[in-house]
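See below for the structure under consideration.
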Amino acid sequence: MTYSKKPLVGIIMGSSSDSRVMQGASEILDQFKIKHEDQIVSAHRTPSRLAEYAQHAEKMGFSVIIAGAGGAAHLPGMIASHTVIPVIGVPILVYNDKHPKKNDSSKFSAFGGLDSLLSITEMPSGSPVVAVGINKAGNAGIYAMKILANEFPELKKKLKQHKSTQHNSVIKESEQLKKEGLSKFAKKKFK
Ligand code: RP5
């Protein structure tokens with residue numbers, strides 16, 4: 001079943017570097033057959049495009065925007081300041097493939113993603129953005145669908161099924177752990 005012919009969710013990210021993490025959002029939305037439109041919009045490299053994107057999102061009629069950014073992470077907050085569409089921020093632990101020297105200190109954010117988490121959640125009063133955990137783009141996808149489920153009862157049903165699948169898989173693992181004993185179970189799981 002498809003819920004709409006047009007995309008319901010806009011996924012944006014500050015850089016192509018973020019696509020590695022942000023694909024988590026598209027994967028879960030695809031799994032549930034929710035159409036999304038994906039773009040790169042940089043708050044600091046393409047500031048005018050950011051305002052244009054907010055207008056585009058309104059014109060397209062997106063119900064939710066998922067915005068991922070690393071470092072100072074202005075993208076989710078700035079988009080939220082331009083539109084009333086709910087924005088879910090994904091703080092990204094920057095992993096910069098483009099850096100010429102690919103040593104560990106050049107690849108990762110100095111603050112391990114906390115910089116971006118705080119930047120997204122600490123929006124001043126009046127222009128809120130919700131945030132998922134660092135690199136938890138999949139959770140942003142699920143949260144977006146929870147918002148959409150208010151509009152689509154069939155999606156609500158599917159999300160409930162998803163919850164019960166998770167429940168059953170924990171029970172199955174627990175039974176296995178109980179049967180094998182903790183040491184054997186852990187050795188097998190992490191070998
Ligand atoms: C942010 O800077 C992006 O969201 C990305 O997480 C980070 C690094 O971007 P690149 O320098 O890899 O393009 O704007």
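The values are calculated or read from the model by the stated rules, or taken from the named source; none is laboratory data. All figures in this text were calculated on a predicted structure; none of them were measured in a lab. Positions of Cβ are backbone-derived with ideal geometry, glycine not excepted, and every protein chain shown enters the neighbour counts.
At a glance:
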quantity: Filter result for Ala43 (in contact with a His (Cβ under 7 Å, 6 or more places away or on another chain) and within 13 Å of the ligand (Cβ to nearest atom)); calculated: yes
quantity: Boolean, Glu52 is acidic (Asp, Glu) and within 28 Å of Pro153 (Cα to Cα); calculated: no
quantity: Test set (1) at pLDDT below 95; (2) closer than 20 Å to Ile11 by Cβ; (3) of a type in the set (A, V, I, L, M) - Ala110 fails condition number; calculated: (2)
quantity: Qualifying position, being part of a strand (DSSP E or B), surrounded by fewer than 23 Cβ atoms within 10 Å (Cβ to Cβ) and away from the ligand (no atom under 14 Å from the Cβ), among Glu58, Glu37, Glu52; calculated: Glu37
quantity: Lone qualifier among Ala73, Ala80 - being within 10 Å of the ligand (Cβ to nearest atom) and over 21 Å from Ala149 (Cβ atoms); calculated: Ala73
quantity: Selection status of Ser17, crowded, with 19+ Cβ neighbours inside 10 Å, touching a residue at least 24 places away in the same chain (Cβ under 8 Å) and assigned by TED's automatic domain parsing to the domain that holds Ile88; calculated: yes
quantity: Test: residue in region 118-128 that is part of a helix (DSSP H, G or I), under 17 Å from Gln23 (Cα atoms) and of a type in the set (Ser, Thr, Tyr); calculated: no
